[in-house]
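For reference, the structure discussed in these notes is given below.
Please treat every number below as a calculation from the coordinates, not as lab data. All figures in this text were calculated on a predicted structure; none of them were measured in a lab. Ideal geometry is used to build each Cβ from the backbone, glycine not excepted, and the neighbour counts take in all protein chains shown.
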Amino acid sequence: MAKCFSFTTTRDTCYRFSFEHAGLKSTTVVLDECTTIHCWSPKKPNPKKPNLVLLHGLGANAMWQWDYFISPLTPKFNIYVPDLIFFGESHTTRPERSETFQAQSVMRAMEKLNVKKMSVAGISYGGFVAYSMAAQFAEAVEKVVIVCAGVCLEEKDMEDGMFKVNSVDEAADILLPQSSRKLRELLQLSFYKPIKLIPSCFLDDFIQVMCTEYREERKQLIAALHKDRKLANLPKINQTTLIIWGEHDQVFPVELAHRLKRYIGDSAQLVIVKKAGHALNIEKPKHLYKNMKAFLLNKPLPKSASSSNENSNSNSVK
């Protein structure tokens, strides 16, 4: 019997309506004969509002990871939410797989949308791209938000046992799941309190809709993050930066948050969210939203206890 209902496709449609209701439109930006970027952008950009670019991680397309934040942020910002290359409707025939190329492609898309100045926020893989945008385009990127993104990891960290996996291939098998068992493993790694009673048919449907297309290319994206990575080669950024992390992140352990804070220095603030894992945008969306909003609007971060692991620029929130 032919499959007649897809929970994932239905939810994707709901997210699309949600974005449209918030005043965004689906825009296809052709960068050249090789590369196309899909982006949600304002139907009527307000020149008096600051611009904010939101970058997603590996889990799904941009709508799934940023939907909660769109309605509350659009009154304050012109919001741009691109699908990174090999996600959603963005693609390329070029061979580049680095976050450097992703950052260049997003910036070219913003230029074509007449966005000259912006702040940028990135979740997980999107945080790597956000950091690269800030490093490459310092004059255009004003503020940076890094959410649970191990930008300062080194290739040797895996050999030293920092991660739950022992190789890039093993990481890709979990981060790009092709079976309900692997997707459950990903949920266990991503959430502080993962939902356990999810029917396998829902998981299989999500995999079929979200995880099968461009799998080999996405695997190459993961490999490019890790290969020959050294902190000494990471460019320093000077923009005011908010680093926000789940205390129990098992994908990028919280030590990487403290390492990044030390590396950037006094221009960075670090917030550690208690009782949260890697999927901070889903587990603790209110915490993420309140901190992002305060930071981007130059207001004090929400009151919280001082972390014992860092100086006064670091906070932990419950």
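How large is the Kirkwood hydrodynamic radius of region 14-160, counting all unique pairs of alpha carbons, in Å?
Here the Kirkwood hydrodynamic radius works out to 15.3 Å.
Which entries in the list K219/K293; K117/K274; K117/K219; K164/K227 go over 28 Å, if you measure between the two C-alpha atoms of each?
Correct reply: K219/K293; K117/K274; K117/K219.
With +1 on each Lys and Arg Cβ and -1 on each Asp and Glu Cβ, and nothing else charged, work out how big the dipole of region 241-288 is about its Cα centre, in Debye to the nearest 20.
100
If I histogram all Cα-Cα distances within region 130-287 using bins 10 Å wide from 0, what percent of pairs lands in each bin?
10, 34, 38, 16, 2
What is the dipole size for the chain, taken about its Cα centre, with +1 at each Lys and Arg Cβ and -1 at each Asp and Glu Cβ, in debye to the nearest 20?
1400
Rank L242, I123, A134 by how far each Cα sits towards the positive end of the charge dipole of the chain (+1 on Lys, Arg Cβ; -1 on Asp, Glu Cβ) and give me just the farthest.
L242
Based on the Kirkwood radius over alpha-carbon pairs, what value in µm²/s does the Stokes-Einstein equation return for the translational diffusion coefficient of region 98-146 at 25 °C and 0.890 mPa s?
Translational diffusion coefficient: 237 µm²/s.
So in the chain, what percent of DSSP beta bridges are antiparallel if you round to the nearest 5?
Bridges in the chain that DSSP calls antiparallel: roughly 30 percent.
For the chain, what is the convex hull volume of its Cα atoms per residue in Å³?
Once divided by residue count, the hull of the chain is 134 Å³.
What are the aspartates and glutamates whose alpha-carbon lies under 20 Å from the alpha-carbon of K286, with same-chain residues fewer than 8 places away excluded?
D67, E247, D249
Where nothing but the Cβ of Lys and Arg (+1) and of Asp and Glu (-1) is charged, how large is the charge dipole of region 70-166 around its Cα centre, in debye to the nearest 20?
480
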